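These notes concern the structure reproduced below.
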């Protein structure tokens, strides 16, 4: 196992914001799979999803994630609708610590309402649609090494929680 930290969770739970701060705090490299997909394909996520389709989107996501999981000493923020399956979970576990961020539906709705780059919410930000998508990602909570509810928590507090757990794990306290 390498020493990476992989952040999973639904869109709007703070993976990118927490990940950037965490990487800076731990002097690690930071990668956001959504940003890497856009860089590699030359397309923003909305265009990639709607022009090229869900299958191509997921293929690009898989390629980017596999490359990033082979790196060392980095924090990786995954896409907000990343699907869980055995081979992916195995690869993530080999790469490092799996942390799932979650938040309540109201917080998520407020956070994603500020952004227009959410392909699966293109036709509206209805709470019902978000709850359906959120249910599809809850499985990560059952397999993560650590689950943190980011609702009403400052990013610095979340970062500190992760640092504390990581330090205890490295010293065999967990």
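Simple spin-label estimate for residue 25 and residue 164 gives 1.0 nm between the two label positions (7 Å along the Cα-to-Cβ direction from each Cα).
Can you figure out the FRET efficiency of residue 54 with residue 87, using R₀ = 22 Å and their beta-carbon distance, to the nearest 0.05? Calculated transfer efficiency: 0.70.
None of the figures in this text is laboratory data; all of them are computed from the coordinates on show. For clarity, every value in this text was computed on a predicted model and none was experimentally measured. Neighbour counts run over all protein chains shown; Cβ positions are idealised from the backbone, glycine included.
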